[in-house]
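The values are calculated or read from the model by the stated rules, or taken from the named source; none is laboratory data. This is a predicted model, so every value here is computed, not measured. Cβ placement follows ideal geometry from the backbone for every residue including glycine, while neighbour counts extend to all protein chains displayed. With ligands, DNA and RNA removed, areas are computed over all heavy atoms of the protein, side chains included. Shrake-Rupley method; radii C 1.70, N 1.55, O 1.52, S 1.80 Å.
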Amino acid sequence: MSHDHDDRPGLNAAQAEAALNPPPGRVGGDLVTETLQGLGAATVFGVSGRPAPGLSGALRRSALAYVELGAENNAAFAADAYGRITGEVAVLLLTAGPGALAALPALQEAAAASAPVLAVCAQVPAAGLGGRRHGHPRELRDQQASFREVVKSVHPVRTASQIPSAIAAAWESALTAPHGPVWVEIPEDVLRAETVLPPVSALDATPRELYPRPELTLVAADLLARAARPAIIAGGGVVRADATGKLRALAERIAAPVATTYGGKGAFPWEHPLSLRSWPGDPRVTELLEAADVLLVVGSGLGALSSGGHTFAPRGRVVQIEADAGKLESNHPALGIHSDAREALDALLDAVEAREDATAADRVRTTLEAAPDPAAAAQGLSPAAADQGPGPDARVLAAVRAALPDTAPSFWDLTPLTTRAWSAFDARRPNTMHSAQGAGGPGYALPSATGAAFADPTTPVLAVTGEDDAPHTAAELTTARRYGLPVTWLIVDGDGDGDRGDGGDGDHEDRDGGPDALRPDLVALAESLGVPALRSTPASLATDLTTALRAPGPSVIVLRAR
């Protein structure tokens, strides 16, 4: 069989010479770094002083920037944020056994958020694999099994020649919709052993496109064009696919109100006439969505957090666009379209006819005016209580919004303030508000903000944490200081709910009845690490936060809720 042309990558003269005469002193770890550089990586994350065996020297010989954090889980959170902000693969280096297991919660978070993280993990020497137990340090019976149900794909390596292909396949998997964390596992002796294999070059790991089936697009377009009361729910898949412009164009073409899930914040303009804003939270908004005769769900599986604990009950026809086949029709019968959100919305825009409805914006306005304030609903306040004025955390959110630049990303630990922000905080830009919605454990915000700062060191980053959770990751302030990162850490006393406020005199006890003195002085702790810190109040927060976000390097603000 003959070919008119050959698209396979070739070698230039210098690469051909290196292939025939490999430079001496290289080990398996060099094949890892060469492959990563060939795929386009520039930054990798790991633990301070402890990259995987065989990789220390390889990293020094490479052009890769190795970012060192204090613990494996924090390094994984940082990689997750780097992947979310850049949309590129974020590389995480891990040691075998306990080091790998420590990163598991953060990888679960990356999986829930579809963040493209490539974890390259060491494994015990090859002789200890396959069920043979030689008592090697960090030996696990089946290390892959601990991650297989969390990550998107697993790519084991057993010889040096397999390294480039395994990493390239993992890279492609991470970037193919739905994005997600992937796992490459390499025995320590393979990483350490000298190799005569030529330097890695001519890699191709182009992600596969996920297009909608045309007959399903045609049916969906017909349903939306003929609907009397269409509505749209936009999830995080719209943001990850960079499809916010296409979403807006479709909503305007068919005059459909749009609500976003918490993961989809920023997918649709907050003040747009068709915007129902963040949902769930308001019963009237829920009723409007449930009453739609055609409901288009884009980039969301309508899981528990995005459906009021699975209480959402649409009464009309549902059309669901989702890149993760496992989420299609998993919670509601629908016309399921397995596709990346951008490709599916683009196809719908080509197929759907314009629908006129001069009342759509009026119905949205009436619904928002009739619904309880989303901030009050998130706090569990009745409309009567909400009428008494905003509580302390409402003032906090207003201050954060006033101080935070529109393009600055923020990362939120799970606190009552975060719960309120999910409904009431205007993200203003897509991909700028992130919270731990998958694993849900403490200690997400600060290391994630650190990773985001590496993605763009010119833009300030905000981390928001409750006072009780702050000690979990306070050590990462040293990372932010060491690298001079523009990370501002807002630590909210009482988690921002105002239930432990004392008017600022400090004479109160914690929720377990212990004296307040048992808590660390977080301002003093930050200052002892060389990080500027101050105490603030809701009244001064906007000014204090604005100053901190504009200053170079890291800073800490400890906020009394009242």
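Give the range 400-440 a look and list any residue that's assigned to a helix (DSSP H, G or I), at pLDDT 95 or above and hydrophobic (A, V, I, L, M, F, W, C), or say none.
Val400, Ala402, Ala403
Six or more apart or on different chains, Cβ under 8 Å: which pairs go from a residue in the range 231-249 that's at positive phi to one that's acidic (Asp, Glu) and in a helix (DSSP H, G or I)? Could you list them?
That search, which allows pairs on different chains as well, returns nothing.
Can you name the condition, by its number, that Leu197 falls short on among (1) under 17 Å from Asn431 (Cα atoms); (2) open to solvent by 20 Å² or more (accessible area, probe 1.4 Å); (3) not β-branched (Val, Ile, Thr)?
The single condition Leu197 does not satisfy is (1).
Here is a check on your reading of the model: is Glu68 open to solvent by less than 30 Å² (accessible area, probe 1.4 Å) and among the charged types (D, E, K, R)?
No; evaluated as a whole, the condition is false for this residue.
Could you name every one of the helices (runs of 4 or more DSSP H) located completely within the range 270-381 that has at least 2 residues being open to solvent by 40 Å² or more (accessible area, probe 1.4 Å) and of a type in the set (D, E, K, R)?
Filter on the range 270-381 gives 283-290, 341-351, 360-370.
Could you give me the residue pairs with C-beta distances under 8 Å whose first residue belongs to the range 341-361 and is closer than 21 Å to Pro214 by Cα, whose second residue is open to solvent by less than 20 Å² (accessible area, probe 1.4 Å) and among the polar types (S, T, N, Q) wherever it lies, and which are 6+ apart or on separate chains?
Matching pairs, first to second residue: Ala344/Thr217; Ala347/Thr217; Ala347/Ser339; Leu348/Thr217; Ala351/Thr217.
Is there a residue in the range 170-190 that is in a helix (DSSP H, G or I) and farther than 27 Å from Glu149 by Cα?
The answer is no, given that none of the residues of the range 170-190 is in a helix (DSSP H, G or I) and farther than 27 Å from Glu149 by Cα.
Which residues, taken from the range 250-264, are open to solvent by less than 10 Å² (accessible area, probe 1.4 Å), farther than 21 Å from Glu353 by Cα and in contact (Cβ under 8 Å) with a residue 40 or more places away in the chain?
Thr261
Restricting to helices (runs of 4 or more DSSP H) lying wholly in the range 10-120: which have 3 or more residues that are aliphatic (A, V, I, L, M) and either out of contact with any strand residue (DSSP E or B) (no Cβ under 6 Å at 6 or more places or on another chain) or under 23 Å from Ala166 (Cα atoms) (or both)?
It comes to 13-20, 28-39, 72-86, 98-102, 104-112.
Considering only the range 35-57, state which residues are open to solvent by 20 Å² or more (accessible area, probe 1.4 Å) and farther than 27 Å from Arg482 by Cα.
Those that are open to solvent by 20 Å² or more (accessible area, probe 1.4 Å) and farther than 27 Å from Arg482 by Cα: Gly38, Leu39.
Condition first: out of contact with any Pro (no Cβ under 9 Å at 6 or more places or on another chain), in a loop (DSSP other than H, G, I, E, B) and farther than 18 Å from Ala75 by Cα. Can you find one or more residues in the range 441-462 that meet it?
No, the range 441-462 contains no residue that is out of contact with any Pro (no Cβ under 9 Å at 6 or more places or on another chain), in a loop (DSSP other than H, G, I, E, B) and farther than 18 Å from Ala75 by Cα.
Given the conditions (1) out of contact with any Phe, Trp or Tyr (no Cβ under 9 Å at 6 or more places or on another chain); (2) surrounded by fewer than 22 Cβ atoms within 10 Å (Cβ to Cβ); (3) closer than 20 Å to Ala79 by Cβ, report the number of the one that Gln144 does not fulfil.
Of the numbered conditions (1) out of contact with any Phe, Trp or Tyr (no Cβ under 9 Å at 6 or more places or on another chain); (2) surrounded by fewer than 22 Cβ atoms within 10 Å (Cβ to Cβ); (3) closer than 20 Å to Ala79 by Cβ, the odd one out for Gln144 is (1).
It is to be established whether one or more residues within the range 100-116 are surrounded by fewer than 19 Cβ atoms within 10 Å (Cβ to Cβ) and over 19 Å from the mean Cα position of the chain (by Cα).
yes
So if I check each of Ala449, Ala453, Ala436, Ala463, which one is more than 21 Å from Thr244 (Cβ to Cβ), of a type in the set (Gly, Ala, Ser) and free of Cβ contacts under 8 Å to residues at least 40 places away in the same chain?
The conditions single out Ala453.
Specify the residue that is modelled with the lowest pLDDT; the eligible residues are those in the range 200-227 that are surrounded by fewer than 18 Cβ atoms within 10 Å (Cβ to Cβ) and closer than 30 Å to Ala79 by Cα.
Looking at residues that are surrounded by fewer than 18 Cβ atoms within 10 Å (Cβ to Cβ) and closer than 30 Å to Ala79 by Cα, I get Ala202.
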